[in-house]
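All remarks here apply to the structure that follows.
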Amino acid sequence: MTNADKLYQKRRSIYGLGKNLPISEEKVLRIIENAVKYSPSAFHSQTAQVLVLLGDNHNKVWDITYSELEKLLTTDEAKLATKEKINSFTNAYGTILFYENHNVVKGLQEKFPLYAENFPIWSEQSTGITSFAVWNALAEAGVGANIQHYNPLIDEAVAKEWNISSDWVLRAQMPFGEIVVSADEIERTTRVRIEK
């Protein structure tokens, strides 16, 4: 088994997260920066962007998320269950917000009109690759994470809070931190077809 095999198997959705990182904050930030910097993108467009929220900013993004969700909840039971779920993310050390820079996408569409309709697709792929790279790199360092998609519900409030350009489109949120509870084992199937 290669190191890559072991790494892909180690990366799991960890929901039991805590604030005591197994490595320094500085090392975690370096891991995130490196994974983002070296993730591939079509035409080397680097459309994937991230915002790392720590401390009060980390807590704030989940306060915003619950506030937006609460507007849609009609029962006390739903509010309580949702609050518990959001609290599990707040319990983490930090949160990474994954964005796509649509200004870059538009520029490429204008520069290469033959491929114009493909650039939004390739941008989505770039963001997916980047989030997977970050997730795997954190897992290798013993840092737990999971990925959430509360966009577009929280987009406007988050953009206002952190002065995010309108060209940046939120795609995912990744709380990360100490692994307090390991992920349960799951059965996986092979999804590769081979023909010779």
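For the residues THR74, THR90, THR82, a GNM of the chain with alpha-carbon springs under 10 Å puts the largest fluctuation on THR74. Whole-Hz Karplus values for the range 98-115 come out as 9, 10, 10, 8, 6, 5, 5, 4, 4, x, 5, 4, 6, 6, 10, x, 4, 9 Hz, taken residue by residue from phi with 6.51 cos²θ - 1.76 cosθ + 1.60 and θ = phi - 60°; glycine and proline positions read x.
Here the sum of -39500 (n - 2.57) over DSSP H runs of 4 or more residues, divided by the residues of the chain, equals -14500 deg cm²/dmol at 222 nm, to the nearest 500. Over all orientations, the range 91-196 has a Cα convex hull whose mean projected area works out to 10.6 square nanometres.
Karplus-derived 3J(HN,Hα) values for the range 128-134, using 6.51 cos²θ - 1.76 cosθ + 1.60 with θ = phi - 60°, are x, 4, 5, 5, 5, 5, 4 Hz; glycine and proline are entered as x. When the Gaussian network model of the chain links Cα atoms closer than 10 Å, the mean-square fluctuations of VAL50, VAL143, VAL181 top out at VAL181. So which of LYS19/LYS83; LYS27/LYS106; LYS10/LYS160; LYS19/LYS85; LYS19/LYS60; LYS83/LYS160 end up more than 27 Å apart by C-alpha? Long pairs (Cα-Cα over 27 Å): LYS27/LYS106; LYS10/LYS160. Here the range 80-196 is treated with +1 on each Lys and Arg Cβ and -1 on each Asp and Glu Cβ, and its dipole about the Cα centre works out to around 200 debye. The convex hull built on the alpha-carbon positions of the chain has an orientation-averaged projected area of 14.3 nm².
Estimated at 0.36 nm per residue, the fully extended path between LYS83 and LEU153 surpasses their Cα-Cα distance by 23.6 nm.
Computed with a 1.4 Å probe over protein heavy atoms only, the accessible surface of the range 1-123 comes to 59 Å² per residue. A full extension of the chain between LYS196 and SER67 corresponds to an added length of 41.0 nm, given 0.36 nm per residue minus the alpha carbon distance. Protection proxy ranking for 121-133, 167-179, 32-44, using the average of other Cβ atoms within 10 Å per residue and placing the highest first: 167-179, 121-133, 32-44.
The values are calculated or read from the model by the stated rules, or taken from the named source; none is laboratory data. On a predicted model such as this, the values are computed, not experimentally measured, just so you know. Every residue, glycine as well, gets a Cβ built from its backbone with ideal geometry; the counts of neighbours run over all protein chains shown. Just so you know, the surface numbers come from the protein's heavy atoms only, side chains and all, with ligands and any DNA or RNA stripped out. Shrake-Rupley method; radii C 1.70, N 1.55, O 1.52, S 1.80 Å.
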